[in-house]
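> Structure in structure tokens, see below.
Just so it is clear, none of the values below were taken in a lab; they were calculated from the coordinates. Just so it is clear, the model here is predicted, and its values are computed rather than measured. Virtual Cβ from ideal backbone geometry, glycine too; neighbours counted across all protein chains shown.
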Amino acid sequence: MLKTAIARLATRGALVAATSVTLFTAAYAGPADPRADLAARQAPAHIQALKLDEPISSDLDYRALRRIDPALLRTTSDTEEVLIRLRESPVTQYVAQETSPSARRSQGQARKQYLRAEQSGFIARSQNHARRFEVSAQTQVVLNSVVARVSTADLIAIAQDPSVDQISRVRDYERHLVETVPQIGAAIAQERGFDGTGVKVAVLDSGIDYMHAAFGGPGTLDAYAEAYGADRFDSANTVPGEFFPTPKVVGGFDFVGELWVGGAGSPPRTEDPDPIGAPGVGSHGTNVADIIAGVNGVAPGADLYAVKTCAAYSSACNGVALLLGMEFSADPNRDGDISDRVDIINMSLGANFGQDFDNSLAQAVENLSAIGVLTVASAGNGGDNPFITGTPAAASTAISVAQTQVASVVDRMTVVEPAAAAGDYPAVFQSWSAPLDGVIEGLVTYLGPSNLGCEPLDAGSLEGQIVLVDRGDCGFSVKISNLAAAGAKLGIIGLVTADDPFNGGFGGGEPFIPGFMISQGTANILRSGEAVVRFDSVSPFAARIVDSSSRGPRFRDSGLKPEIGAPGASVSANSGTGDGTRTFGGTSGAAPMVAGSAAILMQAFPGRSLAELKAVLMNTAETDVVGDLAGTPVPVSRVGAGEVRVDAALASTTAAWDIQSLSGGLGFGAVEVADEQIRIRRFVRVRNYSNKNVFYAVENTFRSAEAEASGAVDIRVLPRRLTIPAGKDRIIRVDMTINGANLEGNFLNSGGSYSGANLTRNEYDGYLVFKPLKQNRKATAITMPWHVLPRQAARVEPSKTTIADGGDVITLTNTGVGTAQNDAYSLLLSLPQQPTGGPGESFPNPSIRGFGVQTFLVRDGFCGPGDGAVDYIMGLAFNLWERTAYSLYPGLVGVLLDTDGDGVPEYDVFNIARNFLGFPGDWRTVTFAVDVSTGLGNVFFFTEHAHNSANQVLLVCNTQIGNQALFAPMNALAYVDDVSFGGSFNAAPTVFAPLGERFFTPDLTDLSPGQSGQMTVLDFGAAGNNPGELGLLLITNGDRGAGAHGGATAETEAILFQEAPPPAAAAPAPRPRGRR
């Protein structure tokens, strides 16, 4: 996203010059002009309220963004493991032209030492200023690179280092198949004789190490070396020879090659018939495959296809390779006969804010589903951020998988004493330390601020104690190792800055006791030396969501995504180790749990459709999933139907699915509620697979008792008692009634109130529960999740949409149940909708429908140090042709400003997330004003954008754009940039000036439900005003603060009023007919 924004700074100055319109020919009036009678031009409170408590002035050069992988700029994780490529060429490139073996050897050795020194300097500089910079690997031969876990808020600062060439994302990994397989019921299914035998599963990933013992291979390092070769350049890894295929990995193909790494300067993608997985980062596909069908996997009887579509030595997945991989999965022998297709595709990959219509992979998923191939994909690791769930999992027919916690993972610490602080606190287990077994309780010993645990302690000095040590000076595992050697029974690392605790990297030592990390605030409770704490390995919850798992609902329509959860942390096969394993996690590890579960069901029920298989997995999931240590039920938009239980799915006598969506859940989407009451009707098919009649009572449950008590949403099921004959179906009707007046306020937006907590306040969800009646106790209970995101909406109806020359009075009537929150802007642009692409064409082509400006005057000193002059805010208002759930996607809006009229922009004003401005994990959007000449920028205001709206307003102070004088014109280019696919940049030129608005509404007010009001339109005349001004852009869902972030119907949230055309000239009187 931001990469393309910075590209504008270098390339689009010429565009402004080429398209700029003629500057004002009439001088602006002076202060005596009626426009400067400014009582009515003062910024209203709701505009001023969008100002940040503290303006952000960044000293970062945002031109460095072009060095950062766009995938990193879209991440919503506070930290990421990244591959940082440095500018100097690696050993292989440096010696490539040298023909003498001895010279190559000596030059290579010297080059390696030189690069190590360069990397050491870079690491020292980065660690000096970055909040977090933990090195996990360094390479000098194939790449000159440093792999490190860094704070995403420091990415731009790191990219500014003169030695950095490119920063790309490395997937983040985290526990044991011997635990996770039983957790989801797969062990029970296997005991019943169902292990996926006969089912073909394609793993679209980084290849599979088919020589590994987990897949029946020889399981030795020598065997792997023979199959893969000495390094990535060895031709052995392009020719399978006698080693491939194998009885387990029965087919596959490499569509990406060993050299492609993604990003600028990468060698091109290549193809070969050997899809062997590379060591290190290249083990991702091997990990996934082992979870699905390895010897200890979920479905160990299934056949695997290794479809290599992702890089061997970076985390990048090639878009072309992915499409080719999906093509291969539909027709492995490529003869046009799809009867040899695979049964299941696993894709542990994706892009945040997943778009199912435009994304080519998502549409390929739909096409594969049509021929009987089920796709299971990761929801993503974007965290509790609304609409961030990814694609291709966003495709309607895919199964989108969230990540739940492994049952034995302890992520809490109970403070027993002091009593005033008693309770549960987050404590992050360090995965390289010894697992907690049972309960450990005791008084906490604090080593103190002067002893950071980096040096060995006296043997026995900490015998049997729980010990707290501060972060700093040495690796986390070194600290825990030293505590263990001194006799401690458990070690706690306390943070010393206001960061969230995390799973730190392994830095050596022998940490043979459990280790945990806690926040600074929690650590302060323990630093008194009088605290008693307890750690317990037994979780009180049936299942719990992982904080990093991506939240829905679906970006395009607020549909039900993700749909199911699974534990996402398993120890699985590590490529290139023979028989070794490694920890592997995230939703990358959760998706293969569900893919393996689907394979078991396909073996057991070969005649069932994909919709039936998906439905029964969802119908039988564990719904008792919590979201925090307090046991709060997790929203459906985070986990869908619940945590998968394949044994329950295998045993279920029935399945139920929505006839419209063919999903095992009911997603009602985002609903604008403008009427007192609206009703949405769906039909559910319930199928009985047993040889006996089944009898159900069907009831609706809400996740939240408060939501149920509000009366805002009601669900009725008819019939409520259901008899389904053996082997037959029945249809039930589900009516959702939304009572508009009972809905809560609108709490969610893309700016200051963008958060999972605010989404939770506005959504309604729960489960339909099918309970067996006494007549047939052997029938299984099933559930269907449901979800809706309703919003009170205004519906403004104007008496007319034209403005008479010289001014006008227009009546506005709000016929909706929500308040019309009206803001008017002088309309400068009214543009036709641009053509968009079809399904899967990656061309949403976002375009501007209307663009307007308004000047808001504020007191001296509001925008900077007081100087005796009036400050002002420019409101830059956009109305796009299509709504967007979150303001940054698919189109980023902005304005390039040429303040001195030379045809070259001085400022670029656009959207950005606070995370990139030094606020880790803060994804609220703000208006960023960048000085094009320096690349430096600052922020004063949150962006105004109600979720699911086509309106956006950027606010910028005079001090951010060079203190442009009142009435002084600026050339401008209003644009919307496709940052999701990069396929379009729609822009139009205009000219405006502070206080140069021709049309103004001095008496515009908000309208309560049913209220009418007058909108007086003042017309200051064309002379001396913004040239080409068309009329007014009325936004009816303006922001009014917490609980009032705007809601209006799609048709009326922006109304364009244009100057009425002059009356047609009177026709000439007919000439009298003369006499001959």
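> How large is log10 of I(q)/I(0) for the stretch 194-273 at q = 0.18 Å⁻¹ when the intensity is taken from the Debye formula with one equal scatterer per alpha-carbon?
Rounded to two decimals, the profile gives -0.82.
> On each of the three principal axes of the Cα atoms of the stretch 653-792, give max minus min coordinate, whole Å, ordered largest first.
Result, largest extent first: 56, 27, 26 Å.
> If you don't mind, another one. Across the stretch 931-937, in residue order, what do the Karplus-derived ³J(HN,Hα) couplings come to in whole Hz, using 6.51 cos²θ - 1.76 cosθ + 1.60 with θ = phi - 60° and x for Gly and Pro?
Along the stretch 931-937, the couplings run 7, 4, 6, 10, x, 8, x Hz.
> Just name one of PHE843, PHE506, GLY491: the one whose Cα is farthest towards the positive end of the charge dipole of the chain (beta-carbon charges, Lys/Arg +1, Asp/Glu -1).
Checked the options; the winner is PHE843.
> Pull up the cross-link candidates among the aspartates and glutamates for LYS774, meaning alpha carbon to alpha carbon under 19 Å and not fewer than 8 places away within one chain.
The qualifying aspartates and glutamates are GLU699.
> Using helices alone, what [θ] at 222 nm do you get for the chain, with -39,500 (n - 2.57) per DSSP H run of 4 or more residues, divided over all residues and rounded to the nearest 500?
-5000 deg cm²/dmol
> Over all Cα pairs of the chain, how is the pair count split among 20 Å bins, expressed in % and running from 0 up to the last occupied bin?
The percentages, shortest bin first, are 12, 39, 35, 12, 1, 0, 0.
> Need one number: convex hull volume per residue for the stretch 785-931, Cα atoms only, in Å³.
In the stretch 785-931, the Cα hull volume divided by residue count equals 248 Å³.
> Between SER235 and LEU718, what FRET efficiency follows from the Cβ-Cβ distance if R0 is 56 Å, with the result rounded to 0.05?
Working from the Cβ atoms, E equals 0.25.
> Compute the convex hull volume of the Cα atoms of the stretch 926-1076, divide it by the residue count, and report the result per residue in Å³ as a whole number.
260 Å³
> Then there is this: Amide H neighbours of PHE941 under 5 Å, counting only residues 5+ apart in sequence or on other chains, H built in-plane at 1.01 Å?
LEU52, THR927
> I've got another one for you. Pull up all non-local amide H partners of ILE873: gap of 5 or more, or a different chain, and H-to-H distance under 5 Å with H placed in the peptide plane.
Sorted by chain and number, the residues that satisfy this are PHE856, LEU857, VAL858.
> Same structure again: Estimate the FRET efficiency between ALA370 and ALA49 by the formula 1/(1 + (r/R0)^6), using the beta-carbon distance for r and 45 Å for R0, to the nearest 0.05.
0.35
> Still on this structure, please answer the following. Taking K and R as +1 and D and E as -1, what net charge do the other residues with C-beta under 13 Å from the C-beta of LEU828 add up to?
Counting the neighbours of LEU828, the net charge comes to -1.
> Can you return the lysines within cross-link range of LYS479? Criterion is Cα-Cα under 30 Å, with same-chain partners fewer than 8 residues away left out.
Leaving aside lysines fewer than 8 places away in the same chain, those within reach of LYS479 are LYS489.
> While we're here: Can you pick out the pairs among LYS200/LYS308; LYS614/LYS778; LYS112/LYS308; LYS200/LYS778; LYS728/LYS771; LYS200/LYS771 whose Cα atoms lie more than 26 Å from each other?
LYS112/LYS308; LYS200/LYS778; LYS200/LYS771
> Within the set of other residues whose C-beta is less than 11 Å from the C-beta of PHE878, count the net charge using Lys and Arg as +1 and Asp and Glu as -1.
With Lys, Arg at +1 and Asp, Glu at -1, the neighbours total 0.
> Tally Lys and Arg at +1 and Asp and Glu at -1 over the other residues with C-beta under 9 Å from the C-beta of ILE493: what net charge comes out?
Once positives and negatives cancel, what remains is +1.
> Only four residue types carry charge here, +1 at the Cβ of Lys and Arg and -1 at the Cβ of Asp and Glu. Report the dipole size of the chain about the Cα centre in Debye, rounded to the nearest 20.
2540 debye
> Let me ask something additional. Report the label-to-label distance for VAL416 and GLU463 in nanometres (one decimal), using points 7 Å from each Cα along the Cα→Cβ vector.
Rounded to a tenth, the inter-label distance reads 2.1 nm.
> Need one number: % antiparallel among DSSP beta bridges in the chain, to the nearest 5.
Bridges in the chain that DSSP calls antiparallel: roughly 75 percent.
> Going toward the positive end of the dipole of the chain, with +1 on Lys and Arg Cβ and -1 on Asp and Glu Cβ, which of GLY1046, VAL295, GLN1058 do you reach last?
Of the candidates, GLN1058 comes out farthest on the positive side.
> Separate question: Between the alpha-carbon centers of the stretch 467-519 and the stretch 647-722, tell me the distance in whole angstrom.
48 Å
> Which one of ALA157, PRO90, ALA103 has its Cα pushed farthest toward the positive end of the charge dipole of the stretch 78-170, where Lys and Arg give +1 and Asp and Glu give -1 at the Cβ?
Farthest towards the positive pole: ALA103.
> Would you please give the FRET efficiency between GLU327 and CYS474, computed as 1/(1 + (r/R0)^6) with r the Cβ-Cβ distance and R0 = 56 Å, to the nearest 0.05?
Using R0 = 56 Å, I get an efficiency of 0.65.
> What are the trypsin sites (Lys or Arg not before Pro) within the stretch 298-342 that DSSP puts in a loop, where the Cβ has at most 12 other Cβ atoms within 10 Å?
Loop-located and lightly packed - ARG334.
> Grab the alpha carbons of the stretch 412-532, take their convex hull, and tell me the volume per residue in Å³.
In the stretch 412-532, the Cα hull volume divided by residue count equals 92 Å³.
> Another question about this same structure. In Å and on Cα atoms, what radius of gyration and Dmax does the stretch 570-659 show?
15.8, 48
> So what are the ³J(HN,Hα) numbers for the stretch 786-802, from phi and the Karplus equation (6.51, -1.76, 1.60; θ = phi - 60°), rounded to whole Hz, Gly and Pro as x?
9, 7, 8, 10, x, 8, 4, 10, 7, 9, 8, 10, x, 5, 6, 10, 10
> Across the stretch 453-460, in residue order, what do the Karplus-derived ³J(HN,Hα) couplings come to in whole Hz, using 6.51 cos²θ - 1.76 cosθ + 1.60 with θ = phi - 60° and x for Gly and Pro?
After applying 6.51 cos²θ - 1.76 cosθ + 1.60, I find x, 8, 10, x, 9, 4, 4, x Hz.
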